[in-house]
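> Can you keep this structure in mind? I'll have questions shortly.
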Amino acid sequence: TNVQLVIDATAEDVKHLEHEKVPIVRARAAVLELLMEQTSQVINTPEGKAALKKQIKKKTGKLLHHKVTDVLFSDFVIQF
């Protein structure tokens, strides 16, 4: 999957996040951990994807210290 996070931040905040790579690496690791916890039966449903997005928003928002307003899946392949 490819995941894009939309955050509520200023341009200066974004520059800081791009420079300080640790929060981004932690957020990526958190997303991977959440994905590994999922089953194909759950995330193959609209409700399952919505729940996953909610979990990603909550966990990554804490790690990035910014409100995550949206989680966008640009690719999503489920292997059964």
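Bear in mind that the values in this text are calculations on the coordinates, not laboratory data. Treat the numbers as computed from the prediction; the structure is a model and nothing was measured. A quick note on method: Cβ atoms are made from the backbone with ideal geometry, for glycine too, and the neighbour counts reach across all protein chains shown.
> So what is the calculated 222 nm ellipticity per residue for the chain, using -39500 (n - 2.57) for each DSSP H run with n of 4 or more, over all residues, to the nearest 500 deg cm²/dmol?
Dividing the helical sum by the residues of the chain leaves -18500 deg cm²/dmol.
> Enumerate the helices in the chain for which the Kyte-Doolittle hydropathy averages 1.0 or more and the C-alpha atoms extend at least 20 Å along the helix's axis, using complete DSSP H runs.
21-36
> Let me ask another. Once you have the Kirkwood Rh of the chain from its Cα pairs, apply Stokes-Einstein at 4 °C and 1.567 mPa s and quote D in µm²/s.
98
> Using modelled backbone amide H atoms (1.01 Å from N, in-plane), which distant-in-sequence or interchain residues come within less than 5 Å of ILE7's amide H?
THR69
> Taking the Cα centre of the chain as origin, work out the dipole magnitude from +1 charges on Lys and Arg Cβ and -1 charges on Asp and Glu Cβ, in debye rounded to 20.
Using Cβ point charges on Lys, Arg, Asp and Glu, the chain gives about 200 debye.
> Quick check for me: using +1 on Lys/Arg Cβ and -1 on Asp/Glu Cβ, what's the dipole size of segment 1-40 about its Cα centre, in debye to the nearest 20?
Around 160 debye, computed over segment 1-40.
> Let me have the relative contact order for the chain, percent, based on Cα pairs under 8 Å that are six or more residues apart.
Value for the chain: 55 percent.
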